[in-house]
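A.B. asks: Quick one: structure below, then a few questions.
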Amino acid sequence: MKILPSFTHPPLAPNLYQFLSSVLEQCMKFNVTKPNAAPVNVSLYYESLCPGCRQFLVFQLVPTFIMLQDIMGIDLVPYGNAQEKEDQGKYIFTCQHGEDECLGNMIETCLLSMLGINAFPVILCMESGVDVLKAAQPCLGVYFPDTKWDSVMNCVKGDEGNKLMHQNAVKTNALKPPHEYVPWITVNGEHTDALQDKAMDSLFNLVCSLYKGDKPPACGQGLKKKTNSYCMN
């Protein structure tokens, strides 16, 4: 695997992430194809401010899910290369890119807990912005105006968020083989260098190739390749 240096994440043009998010929102309401085999389940272990994680999520994971959501499942695990220690029944987290990343991880964890799959457009909106944290509240307001920001922050600052992040830590630390960098990708619960390389090269093509049922029409298309980067553990 070729490890490239991290880069400053170039933000998506606002109209592009709004378009992707709106398409995702609409696609989740309708089933275009009827799957006749088990879905390909992709888990992304990541951290909110890692440039390579943001790039993969914005340019590979979400676009692939938009086109192939009927034959794939996604699990987002925001934690990455963080560390935790227990202190009087609660957990204190230290993140690779500082306190802001810990906050971003926690916000996205709480959004996933509160909204489930519907959190994807909000997370896409956040991760494609210039400032992930500053984008969080406006992004929530765009897609879920009835969900109060205060309720998200109550989770972030309270026992619920602490427990949820600990669960992400346990899940990440239980990976076999142990993760060495992020983004770290498992497919149907498995991680190999070959699967990682194929996912980073074209997650879309990988999902299409692994799905054992009738291929949806979208599998005849493709997504443009991007140069990848990683945040080493």
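A.B. asks: Mind listing the long-range amide H neighbours of residue 75? Cut-off is under 5 Å, sequence gap 5 or more, other chains count too, H placed in the peptide plane at 1.01 Å from N.
C.D. replies: Counting only residues 5 or more places away or on other chains, the set is 42, 43, 44.
A.B. asks: Another question, if that's okay. Treat the stretch 92-182 as a sphere of radius equal to its Kirkwood radius over Cα pairs and apply Stokes-Einstein at 20 °C in a medium of 1.002 mPa s; give the translational diffusion coefficient in µm²/s, rounded to a whole number.
C.D. replies: In µm²/s, the coefficient rounds to 156.
A.B. asks: Could you check the spin-label model distance between residue 212 and residue 197? Points 7 Å from the Cα along Cα→Cβ, value in nm.
C.D. replies: 2.6
A.B. asks: Follow-up. Any chance you could list the semi-axes, whole Å, largest first, of the equivalent ellipsoid that the Cα gyration tensor gives for the stretch 142-233, using √(5λ)?
C.D. replies: So the three semi-axes of the stretch 142-233 are 31, 21, 14 Å.
A.B. asks: Now, a different point. If I histogram all Cα-Cα distances within the stretch 38-232 using bins 5 Å wide from 0, what percent of pairs lands in each bin?
C.D. replies: P(r) over the stretch 38-232, rounded to whole percents: 1, 8, 17, 20, 20, 16, 10, 5, 2, 0, 0.
FYI, it's all coordinate maths here, none of it is from the lab. Since this is a predicted model, take the numbers as computed values, not measurements. Here the Cβ is made from the backbone with ideal geometry for all residues, glycine too, and neighbour counts use every protein chain on show.
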